[in-house]
There are 2 protein chains.
Amino acid sequence: MTLLDNLREIVGDAHVLLDGDTSKYDHDWTGNYRATPIAVVRPASTEEVSAVVKACAATKTAIVPVSGNTSLAGGTYAKDAVMISMERLNQIREIRPDARIAIVGAGAVLSSIHDAVDAHNLVFPLTFGAKGSAMIGGALSTNAGGSNVVRYGSTRGLCLGLEVVMPDGQIMNLMSELHKDNSGYDLKDLMIGAEGTLGLITSAVLKLFPKPRAYATAMVAVPDFPDALTLLNDLQAATGGLVEAFEYMDALYVTDHLTMFPKARAPFENRHDINIMVEVGATAPSLADQLPDGTVPVVTLLENTLAQMMEDGRVVDAVVAQNEAQRREMWERREAAGEVMLIRKPMINNDICVPVDKVADFFQRIDARLATLDPDSLHTSVSHLGDGNIHFLMFPTKGDPQHIDLLTETVENVVLSLGGSFSAEHGIGLTKKPSMARRKDKVALAVMRAVKAAIDPDNIMNPGKVLPQTN
Amino acid sequence: MTLLDNLREIVGDAHVLLDGDTSKYDHDWTGNYRATPIAVVRPASTEEVSAVVKACAATKTAIVPVSGNTSLAGGTYAKDAVMISMERLNQIREIRPDARIAIVGAGAVLSSIHDAVDAHNLVFPLTFGAKGSAMIGGALSTNAGGSNVVRYGSTRGLCLGLEVVMPDGQIMNLMSELHKDNSGYDLKDLMIGAEGTLGLITSAVLKLFPKPRAYATAMVAVPDFPDALTLLNDLQAATGGLVEAFEYMDALYVTDHLTMFPKARAPFENRHDINIMVEVGATAPSLADQLPDGTVPVVTLLENTLAQMMEDGRVVDAVVAQNEAQRREMWERREAAGEVMLIRKPMINNDICVPVDKVADFFQRIDARLATLDPDSLHTSVSHLGDGNIHFLMFPTKGDPQHIDLLTETVENVVLSLGGSFSAEHGIGLTKKPSMARRKDKVALAVMRAVKAAIDPDNIMNPGKVLPQTN
């Protein structure tokens, strides 16, 4: 029996896609990576995933997992490989409001998890622009970040337990629902962020949080980055750490957004260089509940902080959302970044992180370097500024690989000179492998290779991703 | 040159301790494990640790790391091994208040970190009874928990970066100071909680938090466990999740504490079965700052919650700390547990975790089992109730290994029937290896062994700990 026959027997003919039927899967969001897989297999259960992996392992066939396929780093490139799509493992199996957990399949779409837990007055706080397509399996595999990390942490911190199909097809059960569970090596966190190179995540236990009873959301323009940091720190102090999102957009992003979405409104009447979207979420009634005079304390705290900073000349413009529609408008502008970023070619997408107090230094240094290396290039930034995580998009005047490498290395040099990281939240995939080879600690790389060889000795799990071949 | 000569050359004669000089190191806190090591070596820097490990690796000599030696699971038992003490790597190298990080050596004592960051109006929230002896290296190696996990998470969640000396003596630099840094496998979390079996943690980057401007602390007696959970949930709702500690002590613990510390005061005039110490910490001025009438809002929130529950018959007694001295008294009673637990022999120390809503079930089921298996045995519990983490101490009438195994397995059976874990925060060490063999997922155990063999092929790092030989 051929491998394909075997796969058809496991999942049924309708769920082994070949040739033309794989077009949805054969390229990623950026369109930078294209390859036709041997087949796309769509198992309906963990047991079917296990059987599919065993069939592939028996023939040493490469496996590439795919869930929402919203990777920005080429994580699902599948040349000479069987793709295993998690889309049918989309069950939200259990929501336990008292224990504040949800048990979900890897194929559950992020926004469907949001909707399901909202009904219990809870939130699963992982959110980013692609939430309508991205699935939790991919989010876990890349340890996705997004806009609420400043308050709730990355995906890793939002996951209590995992189920993983290992490279030999065995099912590893780490589905703990507990907040304290020290029982040997932390294999859960080893699997999270491994981008499918060590095993396939099939289910997860997720942490839920009380839904804020009130939000205070604003667009704020500030003269310089230190003023933005003051805004963040003053708001954290005033609210006791309730800032949920602190997002930066530059002037070019605001312009590009309006170009792509002509019906949208500009955030301010005037153009500003540093535009911040800030959101505070309050759960305590003393902060969230409306007072007899119609005001809401958490909104008043935000307004007072902004008024004081305006008086000090550290805020130049501010608009506080007056209702949910205005709040949604602010979020939609921010979350359109994944589409707006594709407006120009060639584009270099630098997903980097620097200490929060080094953001101004980053822009000064990189501008000085670009003035020499490619003075006519453009760049735009959308950033999770509260984490120091900058999506620094460069539009160079030349698209040849040498030039792109030169600019990428230049960004890395500036980032590392500031104690930052060349990779914040999008993962390594294929795109950042050269950066891994150049920048990652050599001992750590050797340990990673040893772990990979021990767990996946035949190198069938998402081969060629994450780990560079040589230092 | 012999190994000992080599070690003396690396660290100096005064820091290679032999025979009688090793008595401080040759037993753990419980006194259950005793062994004289080949030598105790006290390196003064990461480079010296690296050189010592290389010397041991060259002769395939076993290495056992030791920091504060407060393990409750036999983690530092060192037969036929060189102990590497981290006590001279005790520097608090840097505190960066704006970035809210501290960079410390593995030998930094927990309370010295607390004191150093307090000067900056910050907290490092990891705390437990042994904080005056325990060092951060050991806390990281066991992923220690303690009393503030309900708000701030375990040690793993409080660490941004690590430096680790690997089994071949190479230094792995994972000293990230960033909140988002996805660059390959999560080796930091693999090393945390590995109890020194994969490498020796020498330095760490720790997360700091704003020091609460006000605490509201109380001892509360409730009729039953569901009432305790209501108290926790109501307080979390009223304060927006500011509960920092939620600790349970049973009546026998209160009695034993007074026996051991006759000058201490009882928490209440009357004896109660379920005594809770609760603490709320507020940083926002609107909750923490004294009002003109002399009250502090967060204290009022606690008092109102308790008053309402008393009216409902769900709180039977409560004492709110009126000043810092009374607050300290409550904490000292709780933190004496490590000493009070040694009051009777034989003792079985079960460090277990169950879902927070299953604590009452646990006690009902285990009491029913003990009534058959050892009706005259005693037990006492001190628990991080907010996490479902119970330190269930049994004092059986017989100390023979078969009986102790029977009771331990009985506890495990009850715990697992409730979806809990046989190991919460003390680690596996030697004590819990049989439980690991019986209870841990078999696939996970096999993956752990593969990782161990890949990283430490000669099995020299804390050999015999954590991983059972067979399933």
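Taken together, the values in this text are just the output of simple stated rules run on the coordinates, not laboratory data. Every value quoted in this text rests on a predicted model; they were computed, and no experiment measured them. Glycine gets a Cβ as well: all are built from the backbone with ideal geometry, and neighbour counts include every protein chain shown.
Below is a table of values for the structure above.
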item: Gyration tensor verdict on the range A:3-85 (Cα atoms; rounded if a/c is under 1.5, prolate if a/b is larger than b/c, oblate otherwise); result: prolate
item: Shape box of the range B:214-337 [Cα atoms, principal axes, largest first, Å]; result: 42, 30, 22
item: C-alpha center-to-center spacing [the range A:409-447, the range B:167-190] in angstrom; result: 12 Å
item: Inter-copy label distances at A:G31 (7 Å, Cα→Cβ; nm, one decimal); result: 7.5
item: Debye log10 I(q)/I(0) for chain A, one point scatterer per Cα, at q = 0.05, 0.09, 0.13 Å⁻¹; result: -0.19, -0.63, -1.27
item: Cα gyration tensor shape for the range B:337-384, rounded if a/c is under 1.5, else prolate or oblate; result: oblate
item: Greater than 32 Å apart at Cα, pairs in B:K180/B:K452; A:K131/B:K452; A:K60/B:K433; B:K345/B:K433; result: A:K131/B:K452; A:K60/B:K433
item: The protein assembly as shown - charge dipole about Cα centre, Lys and Arg +1 at Cβ, Asp and Glu -1, debye rounded to 20; result: 1760 debye
item: Loop trypsin sites (Lys or Arg not before Pro), the range A:1-106, which have at most 10 other Cβ atoms in a 10 Å radius of their Cβ (DSSP); result: A:K60
item: Magnitude of the charge dipole, chain B, Cβ model with Lys/Arg +1 and Asp/Glu -1, debye to 20; result: 900 debye
item: Mean Cα-pair separation over length for the range B:214-337, i.e. relative contact order, pairs under 8 Å, 6 or more apart, %; result: 42 percent
item: Exam field: B:Q322 pseudo-label spacings to other copies (7 Å along Cα-Cβ), nanometres; result: 5.1
item: Per-residue ³J(HN,Hα) for the range A:66-81, Karplus 6.51 cos²θ - 1.76 cosθ + 1.60, θ = phi - 60°, Hz, x for Gly and Pro; result: 9, 10, x, 6, 9, 4, 9, 10, x, x, 10, 4, 10, 7, 6, 9
item: Lys, Arg +1 and Asp, Glu -1 on Cβ, resulting dipole of the range A:92-210 about Cα centre, debye, nearest 20; result: 280 debye
item: Size descriptor, Kirkwood hydrodynamic radius, that averages inverse alpha-carbon separations across the range B:277-331, Å; result: 12.4 Å
item: The range B:1-150 - convex hull of the alpha-carbon atoms, volume per residue in Å³; result: 118 Å³
item: Dipole of the protein assembly as shown, positive direction: furthest Cα of A:Y253, B:F362, A:M219, with charges on the beta-carbon; result: B:F362
item: Convex hull projection area averaged over all views, the protein assembly as shown, Cα basis, nm²; result: 40.6 nm²
item: Ascending list, in nanometres, of distances separating the B:L4 label from those of the other copies (7 Å, Cα toward Cβ); result: 7.1
item: Largest-first principal axis extents of the Cα set of the range B:92-210 (Å); result: 39, 29, 26
item: Chain B, helix-only ellipticity at 222 nm - DSSP H runs n ≥ 4, -39,500 (n - 2.57), divided by all residues, nearest 500; result: -10000 deg cm²/dmol
item: Cleavage-rule hits, trypsin sites (Lys or Arg not before Pro), the range B:407-440, DSSP coil, Cβ neighbours within 10 Å at most 12; result: none
item: The range B:288-311 versus the range B:216-251: alpha-carbon centroid distance in Å; result: 15 Å
item: Centre separation in Å (Cα based) which lies between the range B:380-406 and the range A:320-351; result: 54 Å
item: 5 Å binning of all Cα-Cα separations within the range B:344-439, expressed as whole percents from 0 upward; result: 3, 13, 27, 27, 21, 9, 1
